[in-house]
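Only one structure is covered here, and it is reproduced in the block below.
The values are calculated or read from the model by the stated rules, or taken from the named source; none is laboratory data. None of the values given here were measured: they were computed from a predicted structure. FYI the Cβ positions are ideal-geometry reconstructions off the backbone, even for glycines, and counts take in every protein chain you see. Just so you know, the surface numbers come from the protein's heavy atoms only, side chains and all, with ligands and any DNA or RNA stripped out. Shrake-Rupley method; radii C 1.70, N 1.55, O 1.52, S 1.80 Å.
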Amino acid sequence: MIQLHDPHAKPDSPNDYSAMQMLAAIRAILDLIYKLCGTTYDLLYMDHSCSLGWFVAGAAIIRFIKAKIDAKDEDEAMGLEQELGIVKFMLRNLGDRTIIGHRQVNVLEEIYNVEIKGHLRKAATGPSATDQRAETDNLMFGNMQ
């Protein structure tokens, strides 16, 4: 659902249907993460394709954080940062025992540094959103060739 709506979503628009669908999908993934955290289930036995869903949700959360920072909605941005922390927590738990979780949490941190920290540093110069999106896509999908 996230990848279906991601190209069309405008996270800065509160009434955008694709953005609402993405947020609903992110919250559904977070709900499953919360339920999984409430068990003693060993993540090593879980199908590792689940981490892809966590990763995609984390990347989408970063996109929404950036939109909330641009809109100067710090409360919502902080809430999204906490949700991103939960996704990173799960990927780190998986990454302690598998390489895929370790790699995905590292890529999420790189995306965060480019999209959020880089955005805050370059706010005065104003780089284009297309350039930043291309750099993020390169980080996410560049090594898949």
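A few notes on this one:
- Number of the exception - Tyr45 against (1) surrounded by fewer than 12 Cβ atoms within 10 Å (Cβ to Cβ); (2) modelled with pLDDT of 95 or more: (2)
- Residue in segment 127-145 that is modelled with pLDDT under 95, within 20 Å of Leu36 (Cβ to Cβ) and touching an Asp or Glu at 6+ places or on another chain (Cβ under 9 Å) present: no
- From the options Leu52, Leu44, residue that is of a type outside the set (Ser, Thr, Tyr), over 14 Å from the mean Cα position of the chain (by Cα), closer than 17 Å to Val105 by Cβ and assigned to a helix (DSSP H, G or I): Leu44
- Candidates in segment 1-20 are the residues that are touching a helix residue (DSSP H, G or I) at 6+ places or on another chain (Cβ under 7 Å) and among the polar types (S, T, N, Q); of these, the one that is least open to solvent (accessible area, probe 1.4 Å) is Ser18.
- Residues in segment 21-35 that are open to solvent by 100 Å² or more (accessible area, probe 1.4 Å) and either in contact with a Pro (Cβ under 7 Å, 6 or more places away or on another chain) or not aromatic (Phe, Trp, Tyr) (or both): Leu32, Lys35.
- Only one of the numbered conditions (1) free of Cβ contacts under 8 Å to residues at least 40 places away in the same chain; (2) out of contact with any helix residue (DSSP H, G or I) (no Cβ under 6 Å at 6 or more places or on another chain) is not met by Ala67, and that is (1).
- Segment 56-80: number of residues that are out of contact with any Phe, Trp or Tyr (no Cβ under 7 Å at 6 or more places or on another chain) and open to solvent by less than 20 Å² (accessible area, probe 1.4 Å): 9
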